[in-house]
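Colleague: Take this structure, written in structure tokens, and hold onto it; I'll ask about it next.
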Amino acid sequence: MTNSKYRKDFPILSQLVHDKPLVFLDSANSSQKPLSVIETVSNYYLNDHANIHRGIYELSIRATKKFEDARLNIQKFINASSAHEIIFTSGTTAGINLIAQSFGKAFIKENDEIIISAMEHHSNIVPWQLLCEQTGAKLKIIPIFDNGELDLDSYKKLFNARTKIVSVVQASNVLGTINPIREMIKIAHENNVPVLVDGAQAIPHMPVDVSDLDCDFYVFSSHKAYGPTGIGVVYGKEKWLNRMPPYQGGGDMIETVSFEKSTYNKIPYKFEAGTPNIADVIGFSAAIDYMQQIGMKTIFQHEQTLLQYATQKLLEFPDVKIIGTANNKVGVIAFVLDHIHPHDIGTVLDYNGIAIRAGHHCAMPLMERFNIPACARASFGIYNDEKDVDALIEGIYAVKRWFN
Amino acid sequence: MSDLRDLYQEIIIDHGRHPRNFGILPEANLHKEGFNPLCGDKVIIHVQEKNGVVEKIMFEGTGCAISIASTSLMSEALKGKTKQEIESIFSDFHELVTHTQANEKVKERLGKLAVMSGVAEFPVRVKCATLGWHTLKAALLRDAELVTTEDNL
């Protein structure tokens, strides 16, 4: 493999950056968009836009159909049992906040316990901390081993009668670790505890089947999965969503409104107050079509090949340390370089046309766990190939020439 | 974009690798911690101040070459200066790192600190260059709030 045959589908990648061909290695942060997604959003605004769920005229009917078809497409993509279980939000962060607040209001009170892991993104820590501040509940943390895998024995011991929910990431945005969530969900269910899975870093890279996983909630974003920004999905089992109160009030989420009392719409609309991001929902559906045309297994294999190639190349540097060496990883490699700060790595690589992420990756507790202030991270998408990895390796040589 | 050499001048690489006045200062009477939440960089500034004169600055922390070098150069340049003098140097320094066409007079007044002028061509690195400075300023003002670069837009 020398070239990714998918690269040509992404117009943005054909540009030069600082007079060098762009090498984009920051897909875990936000992926680029194929032309089909860009054209879908553009065509929607050019031809079909009107507000949904209220018009009695052609444009509104057409927009509503496209919007609801997108919901069906997403339902099938993750194999949810009903389209009512698919709620649109602005992203993973909004999705976790929705569940924390709504599930929290219904089921969590003082001294109850919420389990999360030590590798969570801030978006799966802070919403629960807010809930704990409001209710007096407590956070329990699943520890991780030095290789970046979760300590499942400790996880099992965290459960007790006060445990109300587990919220855990499927694939870590820093370590790349793919957690054994199917097994973790089974353990939680044996304790009668529901599980929320943060799938932001899994959905773009591997097949996901929520029915097979048997998770109670699954949240993800469009923008990391070749779709537009500002759109995300909450999947929730109907039995939970029906028992949870609305998160936000407004249009679309009501059945009747009077000044004395309002009654709420059914799911999923109960959780979709206000005019949604119609164009980008439709755009996300096009991104899902794009991924499915390639096939999620093919995407996974492609990125695994790159991950192995890049890992092996990086390990040839005696002064590079990879953070996260779990057996099962998505195409994410976080690393530090002796005596050279990640920001300086990022600037020199950028000067060579290479885009990586440098910093704490919205996972400060994880940085503390590995005793580093920050790290550099290269991450892969379907458009990357070995040439991109070779450019990264050349770039690291350039970094070392600057600072050593 | 200008050349990387404008950003990473030899003095900066040198101060980044071997920061001057790095460590604790037992005689310090002012201490302040600064933080860049975007990248996780931290700096703790220790100042020995007497009658409005900064007699010595030492610092600790983690950061990139730009932030360590900038704080190191600052700790040398501001030694023995009064608070008023420091205010004026601070405003010159701020102009230096935020304006690509910084005034020649400003550069002249800043002397050795003018090596930081390349930062102006790299807007995302301005916060790295000013973290130590904002932290020192807060220490001198005896500001109790934690300094974060996000307050200093």
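Colleague: Which lysines, on any chain, are close to B:LYS50 with Cα under 19 Å apart, when same-chain ones fewer than 8 places away are left out?
Modeller: In chain and number order, the partners are B:LYS32, B:LYS79, B:LYS81, B:LYS83, B:LYS137.
Colleague: Between A:TYR397 and B:SER88, what FRET efficiency follows from the Cβ-Cβ distance if R0 is 30 Å, with the result rounded to 0.05?
Modeller: For R0 = 30 Å, the calculated efficiency reads 0.10.
Colleague: Here's a follow-up. If you count, for every residue in A:334-346, the Cβ atoms of partner chains within 10 Å of its Cβ, what is the mean?
Modeller: Mean partner-chain Cβ count within 10 Å for A:334-346: 4.
Colleague: Further, regarding this structure: DSSP beta bridges in the protein assembly as shown, what fraction antiparallel, as a percent rounded to 5?
Modeller: Given both bridge residues lie in the protein assembly as shown, the antiparallel proportion sits at roughly 70 percent.
Colleague: Taking chain A as the reference, fit the longest principal axis to its C-alpha atoms, fit the long axis of helix A:181-190 to the helix C-alpha atoms, and give the angle between the two in degrees, 0 to 90, nearest 10.
Modeller: It is inclined by approximately 40 degrees.
Colleague: Among the GluC sites (Glu not before Pro) in the stretch B:23-61, which ones are in a DSSP loop with at most 16 other Cβ atoms within 10 Å of the Cβ? Mind listing them?
Modeller: Filter output for the stretch B:23-61: B:GLU27.
Colleague: Ok, one more. Please give, to one decimal in nm, the separation of the simple spin-label points placed at A:LYS239 and A:LEU72, each 7 Å out from Cα toward the Cβ.
Modeller: Output for this residue pair reads 2.8 nm.
Colleague: Among the aspartates and glutamates, select those whose C-alpha is under 13 Å from the C-alpha of A:LYS8, and discard any that sit fewer than 8 residues away in the same chain.
Modeller: A:ASP385
Colleague: A follow-up question, please. Taking other Cβ within 10 Å of each residue's Cβ, how do A:LEU307, A:LEU59, A:LEU196 sort, fewest first?
Modeller: A:LEU59, A:LEU307, A:LEU196
Colleague: What whole-number distance in Å separates the alpha-carbon centres of the stretch B:10-56 and the stretch A:194-228?
Modeller: For the stretch B:10-56 versus the stretch A:194-228, the Cα centre distance is 45 Å.
Colleague: Using only Cα atoms, tell me the angle between helix A:386-403 and the longest principal axis of chain A; keep it within 0 to 90° and round to the nearest 10.
Modeller: Taking Cα atoms only, the helix is inclined about 60 degrees.
Colleague: Against the longest alpha carbon principal axis of chain B, how many degrees, from 0 to 90 and to the nearest 10, is the axis of helix B:126-140 turned?
Modeller: Helix B:126-140 sits roughly 20 degrees off the main axis of chain B.
Colleague: Stretch A:ASP212-A:GLN312 to full length: gain in nm at 0.36 nm per residue minus the Cα-Cα span?
Modeller: Additional length available on full extension: 32.7 nm.
Colleague: Rounded to the nearest 500, what is chain A's calculated 222 nm mean residue ellipticity when only DSSP H runs of at least 4 contribute -39500 (n - 2.57) each, over all residues?
Modeller: -11500 deg cm²/dmol
Colleague: Would you calculate the volume per residue, in Å³, of the smallest convex hull containing every Cα atom of the stretch A:37-292? Show your work: numbers first, answer last.
Modeller: On the way: hull volume 30.7 nm³, N = 256.
For the stretch A:37-292, the hull spanned by Cα atoms encloses 120 Å³ per residue.
Colleague: Taking the stretch A:268-361, which GluC sites (Glu not before Pro) meet the DSSP loop condition and have no more than 11 other C-beta atoms within 10 Å?
Modeller: Values: sites: A:GLU272, A:GLU303, A:GLU316; in loops: A:GLU272, A:GLU316.
Passing sites in the stretch A:268-361 are A:GLU316.
Colleague: What is the distance, in nm, between label points placed 7 Å from the Cα along the Cα-to-Cβ direction at B:ILE11 and at B:LYS79?
Modeller: 1.5 nm
Colleague: To continue, here is another question. Order by neighbour count: A:VAL281, B:VAL106, fewest other Cβ atoms within 10 Å first, most last.
Modeller: B:VAL106, A:VAL281
Colleague: Moving on to the next point. No solvent, one uniform scatterer per C-alpha: report log10 I(q)/I(0) for the stretch B:4-142 via the Debye equation at q = 0.11, 0.14, 0.22 1/Å, two decimals.
Modeller: -0.34, -0.57, -1.44
Colleague: Another question, then. Project the alpha carbons of the protein assembly as shown onto their principal axes and report the range along each, largest first, in whole Å.
Modeller: Between the extreme Cα coordinates on each principal axis of the protein assembly as shown lie 72, 56, 52 Å.
Colleague: Among the aspartates and glutamates, select those whose C-alpha is under 18 Å from the C-alpha of A:LYS66, and discard any that sit fewer than 8 residues away in the same chain.
Modeller: Partners within reach: A:GLU39, A:ASP48, A:GLU58, A:GLU85, A:ASP252, A:GLU272, A:ASP280, A:ASP289.
Colleague: Further, regarding this structure: Please compute the modelled spin-label separation between B:THR100 and A:LYS5, points set 7 Å along Cα→Cβ, answer in nm with one decimal.
Modeller: In this crude spin-label approximation the distance works out to 4.3 nm.
All of the numbers you see were taken from the coordinates with simple rules; none came from a lab. These numbers were taken from a predicted model, which means no experiment stands behind them. Ideal geometry is used to build each Cβ from the backbone, glycine not excepted, and the neighbour counts take in all protein chains shown.
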